[in-house]
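The values are calculated or read from the model by the stated rules, or taken from the named source; none is laboratory data. Predicted model, so just to flag it, every value in this text is computed and none were measured. Every residue, glycine as well, gets a Cβ built from its backbone with ideal geometry; the counts of neighbours run over all protein chains shown. Ligands, DNA and RNA are stripped out before the accessible areas are found, and what is left, the full protein with its side chains, is counted by its heavy atoms. Shrake-Rupley method; radii C 1.70, N 1.55, O 1.52, S 1.80 Å.
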Amino acid sequence: MTIRLRAHHLLCLLTYVGKGYSPAFTANYDVIAHRLSRGEGILIVQGPDDICAPLLVEPEPHCLGESAAERDLAAARDVGDLLGRTIGPGARLELDTELLARLRLAFSAGLTRNACVGCEWGGLCTNVAAGGYQDARVRHPGYPRAACGFP
């Protein structure tokens, strides 16, 4: 199977620690984090993705808003520059140990944070990154414990 992600969720998944908009949202995200940690592939999509799914039942889900689309564009540009390839709808990624480490290094250095400007989760993500991603839920076997907090 493949996990459908909008571009800015490539950044969000780096610092996901089990906090979110609702219990349904975090339960869904936990499943996705586990799938990513097991090496499931990623397909970049435009608009709401697998992480957004529980929010789409709300009267005015923010995932359909302009700010989410703007975050996608900024994240696609930053991650694309980092990887030297186009990141947009239809792009496929394998979040292996090397790519996860590379994305986290760039995130910690502030190289891929343009999509985070004004995000309500920015402070949390900054703290998770500053703490070496100790409690981050997306991880891979062999990824340094100091960088993710899991054996």
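Can you find, among Gly65, Ala53, Met1, the residue farthest towards the positive end of the dipole of the chain? Put +1 on the C-beta of Lys and Arg, -1 on that of Asp and Glu. Ranked along the dipole, the leading option is Met1. If only the Cβ of Lys and Arg carry +1 and only the Cβ of Asp and Glu carry -1, the dipole of the range 55-143 around its Cα centre is close to 360 debye. A DSSP coil position with no more than 12 other Cβ atoms inside 10 Å describes the following trypsin sites (Lys or Arg not before Pro) in the range 32-134: Arg38, Arg85. Here the range 23-110 has 55 percent of its accessible surface on carbon and sulfur atoms, given a 1.4 Å probe and all protein chains in place.
Please tell me the relative contact order of the range 16-75 in percent, rounded to the nearest whole number, where contacts are Cα pairs under 8 Å and at least six residues apart. Write out the running numbers ahead of the final one.
On the way: 26 pairs, mean separation 17.2, N = 60.
Answer for the range 16-75 is 29 percent.
How big is the charge dipole of the chain about its Cα centre, in debye rounded to the nearest 20, if each Lys and Arg gets +1 on its Cβ and each Asp and Glu gets -1 on its Cβ? Could you put the intermediate results ahead of the total?
Values: 15 positive and 16 negative charges, 98 e Å.
Dipole size: approximately 460 debye.
Screening the chain for DSSP H helices whose Cα atoms reach 15 Å or more along their own axis and whose mean Kyte hydropathy is at least 0.5 gives 97-108.
If you take the square roots of the eigenvalues of the alpha-carbon gyration tensor of the range 13-83 and sort them as a ≥ b ≥ c, do you get rounded (a/c under 1.5), prolate (a/b over b/c) or oblate? Verdict is oblate for the range 13-83. Considering only Tyr29, Leu11, Leu95, the residue lying farthest towards the positive end of the dipole of the chain is Leu95, judged by Cα position with unit charges set on Cβ. Rounded to the nearest 10 square angstrom, Glu94 shows an accessible area of 110 square angstrom against a 1.4 Å probe.
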